[in-house]
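S.K.: Quick one: the structure is below, and I'll ask about it shortly.
Only the coordinates and a few stated rules stand behind these numbers; no lab work does. Because the structure is predicted, anything quoted here is derived from the model rather than measured. Here the Cβ positions follow ideal geometry from the backbone for every residue, glycine too, while neighbour counts run over all protein chains shown.
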Amino acid sequence: MYFDKKSYSFLEELLITPSPVGYESGGQKVWRSYVAEYADRVENDAYGSVAGKLEVNSDVVTVMLEAHADEIGMVVQHVSDDGFVTLNRLGGSDSTIARAKRVYIHNKKGRVNGVIGNTAIHLQENKNGGGKQPAWKDIYVDIGVTSREEALKLIQIGDPATYTDEVDMLNDEIITARALDNRIGGFVIAQALKNLKNKRKSLKVNVLALNSVQEEIGGFGARMMSYRYMPDVALVTDVTHATDTPGINDKEHGTVKLGKGPSVQHGGANHPTLVSFIEEVAGRKKIDIQHEATGVRTGTDTDSIFYQRTGIPSALISLPLRYMHSPIETASLSDVKHLIELMTETVLAMEPDQTFSVL
Ligand SMILES: [Zn+2]
């Protein structure tokens, strides 16, 4: 067991509550009610980013722990005269893996079941299957109706959709689920906040745990909330590509393995002094870490946070993940546990007047 029962059921509830980008309220309500127990105050903004605060006193620096709350998904774009539904993507959803999957279309009252049609292999022009990779416009959802009119009684244009896949364990350590990217990050920062509350006597800085909306379409929630709070330091967590499965060139994409610890990012938005501080904490606490180079952008909320107003020293600590942006995203709970420890210990190591400067 990597976590206690209550933590596991929170993780499971987070993972099974669909929160596609732009429609995150379901997951954010789950996150808010869990975090309320461990924060002095919980606040949210108009778009649904939620922040839990632990306040030591107003004179000390504030450290932000950040993760994004949204997941990729699909949205109803069109309904044909015979009731078939065309989807478009919300964020980076991969159309080439969509066929023959079950989906939920989320309407205002609940959800409608659908299947993404797949023409039988016997009826395909290429009798060996395969064929052209489909784009979203080539894909249709069958919701069991025969007309557009009937379909529009159940759903409307603009309703979001998600795959039906939920959580499973491959063994005691390896978890697989839809939307580990990045509901697992929300879990990590909530658990770190909980740890810090329990160690409040040793805590010398204020803590702001922020679960942001709309990362998958441009890091917008993190931008709004960083501007609002202007923390002194930001520790961001998101998933990164584990490159330890067949067919991935690690010369090109870096060497990151499942179960070998959180991956510390170097370069770009990652503040060098803060990164060294994290490495020092990991060394002292004997937490194994991996390393990745960030060329231009991290592709995470870190890119939205670090340059707000006069600049916020920021660092991204990533969780290795296989099969990103698919309904079978796969991660190691050992990495999750060590990531929580690393975030907790990094905050505990900070002084009331902690600053980070490269000069
Ligand atoms: Zn992500």
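S.K.: Calculate for the chain the 222 nm mean residue ellipticity that helices alone would give, adding -39,500 (n - 2.57) per DSSP H run of length 4 or more and normalising by residue count, nearest 500 deg cm²/dmol. Before the final figure, lay out the partial values.
M.R.: Working: 9 runs with 96 residues, N = 359.
That calculation yields -8000 deg cm²/dmol at 222 nm.
S.K.: Angle, helix 180-198 long axis vs. longest principal axis of the chain, Cα atoms, 0 to 90°, nearest 10?
M.R.: Between helix and principal axis, roughly 30 degrees.
S.K.: If contacts are Cα pairs under 8 angstrom and at least 6 residues apart, what is the relative contact order of region 75-163 in percent? Kindly include the intermediate steps, with their values, before the conclusion.
M.R.: Values: 162 pairs, mean separation 41.0, N = 89.
It rounds to 46 percent for region 75-163.
S.K.: Next up: Taking a cut-off of 32 Å, what percent of all Cα-Cα pairs in the chain are separated by more than that? Display every interim value, and only then the final one.
M.R.: Values: 20878 of 64261 pairs.
The share of Cα pairs beyond 32 Å in the chain comes to 32 percent.
S.K.: Also, quick follow-up: Within region 122-230, list the trypsin sites (Lys or Arg not before Pro) lying in a DSSP loop whose Cβ has at most 14 other Cβ atoms in a 10 Å radius.
M.R.: Of the trypsin sites (Lys or Arg not before Pro), the ones in loops of region 122-230 whose Cβ has at most 14 other Cβ atoms within 10 Å are Lys127, Lys132, Lys199.
S.K.: Also, I was wondering about something else. List the GluC sites (Glu not before Pro) in region 2-111 that DSSP assigns to loop (not H, G, I, E or B) and whose Cβ has at most 15 other Cβ atoms within 10 Å. Which are they?
M.R.: On the way: sites: Glu12, Glu13, Glu24, Glu37, Glu43, Glu55, Glu66, Glu71; in loops: Glu24, Glu37, Glu55.
The qualifying sites are Glu37, Glu55.
S.K.: Next question, about the same structure. Could you tell me the calculated FRET efficiency between Ser276 and Asn107, based on Cβ-Cβ distance and R0 = 56 angstrom, to the nearest 0.05?
M.R.: Numbers: r = 50 Å, r/R0 = 0.89.
Rounded to the nearest 0.05, the efficiency is 0.65.
S.K.: What is the local net charge at Glu345, summed over the other residues whose Cβ is closer than 11 Å to its Cβ (Lys, Arg +1; Asp, Glu -1)? Intermediate values should be presented prior to the final figure.
M.R.: Working: positive: Lys199, Arg284, Lys285, Lys286; negative: Glu280, Glu341.
That works out to +2.
S.K.: Quick check on region 274-343: take the gyration tensor over C-alpha atoms, sort the square-rooted eigenvalues as a ≥ b ≥ c, and tell me if it's rounded (a/c under 1.5), prolate or oblate.
M.R.: Details: a/c = 2.22, a/b = 1.12, b/c = 1.98.
Taking the square roots of the gyration eigenvalues as a ≥ b ≥ c, region 274-343 is oblate.
S.K.: Further question on the same structure: How much length is gained on full extension from Asn249 to Glu149, taking 0.36 nm per residue of separation minus their Cα-Cα distance?
M.R.: Extra length available between Asn249 and Glu149 comes to 31.1 nm.
S.K.: Then there's this: Each residue of region 223-236 in order: what ³J(HN,Hα) in whole Hz does its phi give by Karplus 6.51 cos²θ - 1.76 cosθ + 1.60, θ = phi - 60°, with x for Gly and Pro?
M.R.: 5, 4, 6, 5, 5, 5, 8, 6, x, 7, 9, 10, 10, 9
S.K.: Full-extension gain between Lys285 and Thr96, please, as 0.36 nm times their residue separation minus the C-alpha to C-alpha distance. Let's see the in-between values first.
M.R.: Working: separation 189, 0.36 × 189 = 68.04 nm, distance 4.30 nm.
Here the answer is 63.7 nm.
S.K.: Right, next: Starting from the exponent 0.38 and prefactor 2.2 Å, build the expected Rg for region 75-163 from its residue count and divide its actual Cα Rg by it. Provide the component values of the computation, followed by the final result.
M.R.: Numbers: Rg = 13.2 Å, N = 89, 2.2 N^0.38 = 12.1 Å.
Here the Cα radius of gyration is 1.09 times the empirical estimate.
S.K.: Relative contact order of the chain, please, whole-number percent, based on alpha carbon pairs below 8 angstrom and at least 6 residues apart.
M.R.: Working: 808 pairs, mean separation 81.6, N = 359.
Relative contact order of the chain: 23 percent.
S.K.: Could you tell me how many degrees, from 0 to 90 and to the nearest 10, lie between the Cα long axis of helix 272-284 and the main elongation axis, the longest principal axis, of the Cα atoms of the chain?
M.R.: For helix 272-284, the angle is close to 80 degrees.
S.K.: Here is a follow-up. Decide, for region 201-283, between rounded, prolate and oblate: order the square roots of the alpha carbon gyration tensor eigenvalues as a ≥ b ≥ c, take rounded if a/c falls under 1.5, and otherwise choose prolate if a/b is larger than b/c, else oblate. Intermediate results must be reported in sequence, preceding the final value.
M.R.: Numbers: a/c = 2.28, a/b = 1.41, b/c = 1.61.
In terms of gyration-tensor shape, oblate.
S.K.: Related question: Tell me the label-point distance for the pair Tyr47, Ser202, using the 7 Å Cα-to-Cβ offset, in nm and rounded to one decimal.
M.R.: It is 3.7 nm.
S.K.: With a ≥ b ≥ c taken as the square roots of the eigenvalues of the C-alpha gyration tensor of region 25-83, please select rounded if a/c is under 1.5 and otherwise prolate if a/b is larger than b/c or oblate if it is not? Mind showing how you got there, number by number?
M.R.: Details: a/c = 4.18, a/b = 3.13, b/c = 1.33.
Note, shape of region 25-83 comes out prolate.
S.K.: Quick one: helix 5-16 against the long Cα principal axis of the chain, what's the angle to the nearest 10°, folded into 0 to 90?
M.R.: Helix 5-16 sits roughly 40 degrees off the main axis of the chain.
S.K.: Give Lys204/Lys285; Lys132/Lys153; Lys5/Lys109 a once-over and call out the pairs whose C-alpha atoms are over 26 Å from each other.
M.R.: On the way: Lys204/Lys285 18 Å; Lys132/Lys153 33 Å; Lys5/Lys109 31 Å.
Exceeds cut-off: Lys132/Lys153; Lys5/Lys109.
S.K.: Can you work out ³J(HN,Hα) from phi for every residue in region 149-154, in order, using Karplus 6.51 cos²θ - 1.76 cosθ + 1.60 and θ = phi - 60°, giving whole Hz and x for Gly and Pro?
M.R.: Running phi through 6.51 cos²θ - 1.76 cosθ + 1.60 with θ = phi - 60° gives 4, 5, 4, 6, 7, 9 Hz.
S.K.: Give me the one-decimal Kirkwood hydrodynamic radius in Å for region 214-359, with the sum taken over alpha-carbon pairs. Show your work: numbers first, answer last.
M.R.: On the way: mean 1/r = 0.0634 Å⁻¹.
That comes to 15.8 Å for region 214-359.
S.K.: Separate question: Evaluate the Debye formula for region 1-102 with equal point scatterers sitting on the alpha carbons, no solvent, and hand back log10 of I(q)/I(0) at q = 0.13, 0.20, 0.21, 0.22 Å⁻¹, in q order, two decimals.
M.R.: Ignoring solvent entirely, the Cα scatterers give -0.66, -1.12, -1.17, -1.22.
S.K.: Which residue fluctuates the most in the chain, going by a Gaussian network model with Cα springs under 10 Å, if the choices are Asp250, Asp70, Asp238?
M.R.: Answer for the Gaussian network model of the chain: Asp250.
S.K.: Related question: Please compute the length gained on full extension between Asp40 and Leu359, using 0.36 nm multiplied by the number of residues separating them and subtracting their Cα-Cα distance. Mind showing how you got there, number by number?
M.R.: Details: separation 319, 0.36 × 319 = 114.84 nm, distance 3.52 nm.
Gain in length upon complete extension: 111.3 nm.
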